[in-house]
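What follows is one structure encoded as structure tokens, with my remarks underneath.
The values are calculated or read from the model by the stated rules, or taken from the named source; none is laboratory data. Being a predicted model, the structure only gives us computed values, none of them experimental. When we count neighbours, we look across all protein chains shown, and the Cβ atoms used for this are built from the backbone with ideal geometry, even at glycine.
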Amino acid sequence: MIQKKFENIAKAVADIHDGATLLVGGFGGSGLPSHLIAALVEQGAKNLTVVSNNIGAVSDGVAALISNNQVKKIICSFPVGPHADDLIARLQNGAIELEISPQGTLAERIRAGGSGIPAFYTPTAAHTELGAGKETRVFNGRLHVLEYAITGDYAFIKGHRADRWGNLVYNKTQRNFNPVMATAARITIAEVDEIVEVGELDPENIATQSVYVHRLVKLVTLREEEVLANG
Amino acid sequence: MVKDELKVGWSKIQLASRVAQDLEDGWFVNLGIGIPTLVADVIPEGREIILHSENGLLGLGPKPAPGEEDMDLVNAGKEPITLKPGGSFFSQSDSFAMIRGGHLDAAVLGAFQVSMYGDLASWKVPNDPLGRVGGAMDLTVGAKRVFLCMQHCTKKGESKIVEECTYPLTAPRCVDRIYTDLAVIDVTNDGLVVQELAPGVTFKYLQERTAAPLKDLADQLVKGESIQH
């Protein structure tokens, strides 16, 4: 029987190795797999390359890994926010390399990575600093830049409900980067609010299919924490 | 640049309303962070304009009532918003397929600088190690129309409209129309043409605060010159 659920979040991230490439879903705090990030801070893997849209928007996002000196490279579109100070300090002393990718290009690079497309041309960033030095080609009279696919060793995903197979549904704009990142990693780990039996999710609503999800962690609600604490 | 002594022109909300007037019934429109976000609150009554938020939403509604905020329902500025009936959620890939694929009728964006040729600089100040590109470069190459909605001058009183951008570009030759607190200005093949002046603003006043040559629509019409986008 397929069983992707890990009872212990620490075990779900235990094998993440030094130097791994990690895709982290979310847009600011929305759809952010913050419990998996906290578990990885605890686990301590170093020299990570982290791909995530926003860096520094919230303290419990990728900023926590940066502050804990676990990151050697960031690929993102928006490295700005109230918790970006540690990133700025590490950029200045050369401890972290930053690659800024336009948001749509970032999404498409990940989509390509998950779909077996090694690279693609886009008009985005042509004639700009972010397109400088990249291969270009003119299509229909317009300059395009060549962008390479991104894949991860691991992806951290936040979903709302999962079934035992790992099918996922999301809650509102929590979806953002999560479905595309789920497709592009060797091991995709999803933290979800609820895990239900196979067949309980409406097949029309499944936004991430079980084929992409390898491990599930169910978040413990505050109420469940109370019950556990009080026996 | 000349420092403002008198308070003339449009307030931020009046400016947003002026932009909203030009958004047509049935359009799909993306609103950028900052003043453009205010446009959502001043869409003219009876007009169906479907707002797109690049984090993965079509059908963005107004701000929720206090206490009704849902942090899983946010806009591109990560502020809580509401979803209108008919609204939908989708992934980043789908969101930027809509943007890059030319499916949006207009993007309303902020700017650091815009040149007389419609070059836009909006994501990075010179020598900043970071930069905040987000979806700006995709929106400027993908939306059918790019409208800027911004203060005419910086806080230091410098014109944001310039002959050549000195800030890093978001995209060249992409801006169609500039809405500022002082005027509505079209970017045309014949240069910058002033379409409308805000209350209390004269053409001379506007030109003194603009670091690129402006043409007066009235003059153009008198001369019988055709103005083309």
Practice task
Filter the stretch B:114-124 down to the residues that are away from every other protein chain (no Cβ under 12 Å) and of a type in the set (A, V, I, L, M), then identify the one that is surrounded by the most Cβ atoms within 10 Å (Cβ to Cβ).
Solution key: B:V114
Handout entry: Neighbours by Cβ (under 8 Å, 6+ apart or cross-chain): first from the stretch B:195-223, in a loop (DSSP other than H, G, I, E, B); second modelled with pLDDT under 95 and among the aliphatic types (A, V, I, L, M)
Key = B:A198/B:V8; B:P199/B:V8; B:G200/B:L6; B:G200/B:V8; B:V201/B:V8; B:R209/B:M1; B:R209/B:V2
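Looking only at the stretch A:178-206, filter to residues that are in a loop (DSSP other than H, G, I, E, B) and among the charged types (D, E, K, R); which one of those is surrounded by the most Cβ atoms within 10 Å (Cβ to Cβ)? Lay out the reasoning, then the answer.
Keep residues of the stretch A:178-206 that are in a loop (DSSP other than H, G, I, E, B), which gives A:183-184, A:197-202, A:206.
Narrowing further to those that are among the charged types (D, E, K, R): A:197, A:200, A:202.
On the way: A:E197: 9, A:E200: 12, A:D202: 7.
Only one residue fits best here, namely A:E200.
Restricting the search to the stretch A:14-47, which residues are more than 30 Å from B:L57 (Cβ to Cβ) and not polar (S, T, N, Q)? Even if it seems obvious, please write down each step before you answer.
Initial filter on the stretch A:14-47 (more than 30 Å from B:L57 (Cβ to Cβ)): A:14-20, A:41-47.
Within the stretch A:14-47, A:A14, A:D15, A:I16, A:H17, A:D18, A:G19, A:A20, A:V41, A:E42, A:G44, A:A45, A:K46 meet the criteria.
Within the stretch A:35-51, identify whether any single residue is of a type in the set (K, R) and surrounded by 15 or more Cβ atoms within 10 Å (Cβ to Cβ), and answer yes or no.
Taking the stretch A:35-51 and keeping what is of a type in the set (K, R), we get A:46.
Checking which are surrounded by 15 or more Cβ atoms within 10 Å (Cβ to Cβ) leaves us with none.
Scanning the stretch A:35-51, I find no residue that is of a type in the set (K, R) and surrounded by 15 or more Cβ atoms within 10 Å (Cβ to Cβ), so the answer is no.
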Practice task
Examine the stretch B:166-175 for a residue that is over 27 Å from A:V80 (Cα atoms), surrounded by 23 or more Cβ atoms within 10 Å (Cβ to Cβ), in contact with a helix residue (DSSP H, G or I) (Cβ under 8 Å, 6 or more places away or on another chain) and modelled with pLDDT of 95 or more, and state whether such a residue exists.
Solution key: no
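Inspect the stretch B:82-90 for any residue being at the interface with another protein chain (Cβ under 10 Å from one of its Cβ atoms), assigned to a loop (DSSP other than H, G, I, E, B) and either at pLDDT below 95 or surrounded by fewer than 24 Cβ atoms within 10 Å (Cβ to Cβ) (or both) and give the result as yes or no. Quick ask: steps written out before the conclusion?
Filtering the stretch B:82-90 down to residues at the interface with another protein chain (Cβ under 10 Å from one of its Cβ atoms) leaves B:83, B:87, B:89-90.
Then keep just the ones that are assigned to a loop (DSSP other than H, G, I, E, B); that gives B:90.
Okay, now just the ones that are also either at pLDDT below 95 or surrounded by fewer than 24 Cβ atoms within 10 Å (Cβ to Cβ) (or both), so B:90.
Yes.
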Problem - Candidate set from the stretch A:17-34 (those that are in contact with a strand residue (DSSP E or B) (Cβ under 6 Å, 6 or more places away or on another chain) and surrounded by fewer than 22 Cβ atoms within 10 Å (Cβ to Cβ)); member that is farthest from A:Q209 (Cα to Cα) - result: A:A20
Completion exercise
A:S101 meets each of (1) loosely packed, with under 14 Cβ neighbours inside 10 Å; (2) of a type in the set (S, T, N, Q); (3) touching a strand residue (DSSP E or B) at 6+ places or on another chain (Cβ under 8 Å) with one exception, condition (1)
Handout entry: Answer residue from the stretch B:91-112, given it is part of a helix (DSSP H, G or I) and within 7 Å of chain A (Cβ to nearest Cβ) and is farthest from B:I35 (Cα to Cα) among those
Key = B:S93
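Can you tell me which residue in the stretch B:125-156 is farthest from the other protein chains (Cβ to nearest Cβ), limited to those that are in contact with a strand residue (DSSP E or B) (Cβ under 7 Å, 6 or more places away or on another chain) and of a type in the set (K, R)? Spell out how you get there, then give the answer.
Taking the stretch B:125-156 and keeping what is in contact with a strand residue (DSSP E or B) (Cβ under 7 Å, 6 or more places away or on another chain), we get B:131-134, B:136-137, B:139-141, B:143-153.
Filter once more, keeping what is of a type in the set (K, R): B:132, B:144-145.
Details: B:R132: 5, B:K144: 14, B:R145: 16 Å.
Only one residue fits best here, namely B:R145.
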Completion exercise
Note on B:E69: of the conditions (1) of a type outside the set (S, T, N, Q); (2) under 24 Å from the mean Cα position of the chain (by Cα); (3) more than 10 Å from chain A (Cβ to nearest Cβ), unmet is (2)
Fill in the blank from the handout: For the stretch B:125-140, the count of residues that are surrounded by fewer than 23 Cβ atoms within 10 Å (Cβ to Cβ) and outside any loop (DSSP other than H, G, I, E, B) equals 0
Completion exercise
If we ask which residues in the stretch B:97-111 are closer than 8 Å to B:G142 by Cβ and out of contact with any Phe, Trp or Tyr (no Cβ under 8 Å at 6 or more places or on another chain), their number turns out to be 4
Exercise for the section: Please tell me if A:L168 is surrounded by fewer than 17 Cβ atoms within 10 Å (Cβ to Cβ), touching a Lys or Arg at 6+ places or on another chain (Cβ under 9 Å) and under 26 Å from B:R100 (Cβ atoms). Expected result: no
Practice task
For residues that are β-branched (V, I, T), in contact with a Pro (Cβ under 6 Å, 6 or more places away or on another chain) and over 13 Å from B:R100 (Cβ atoms), tally how many sit in the stretch A:123-146.
Solution key: 0
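For every residue, the table says whether it meets (1) hydrophobic (A, V, I, L, M, F, W, C); (2) out of contact with any Cys (no Cβ under 9 Å at 6 or more places or on another chain); (3) modelled with pLDDT of 95 or more.
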position	(1), (2), (3)
A:A14	yes, yes, yes
A:G19	no, yes, yes
A:L36	yes, yes, yes
A:E42	no, yes, yes
A:T49	no, yes, yes
A:A57	yes, yes, no
A:A64	yes, yes, yes
A:V71	yes, yes, yes
A:I74	yes, yes, yes
Problem - Residues that are closer than 13 Å to B:Y179 by Cα and either surrounded by fewer than 21 Cβ atoms within 10 Å (Cβ to Cβ) or at pLDDT 95 or above (or both), drawn from the stretch B:24-53 - result: none
Completion exercise
Residue count, the stretch A:87-119, condition within 11 Å of another protein chain (Cβ to nearest Cβ) and under 30 Å from B:G102 (Cβ atoms), comes to 15
Fill in the blank from the handout: Among residues of the stretch A:120-159 being within 11 Å of another protein chain (Cβ to nearest Cβ) and hydroxyl-bearing (S, T, Y), the residue farthest from A:V13 (Cα to Cα) is A:T128
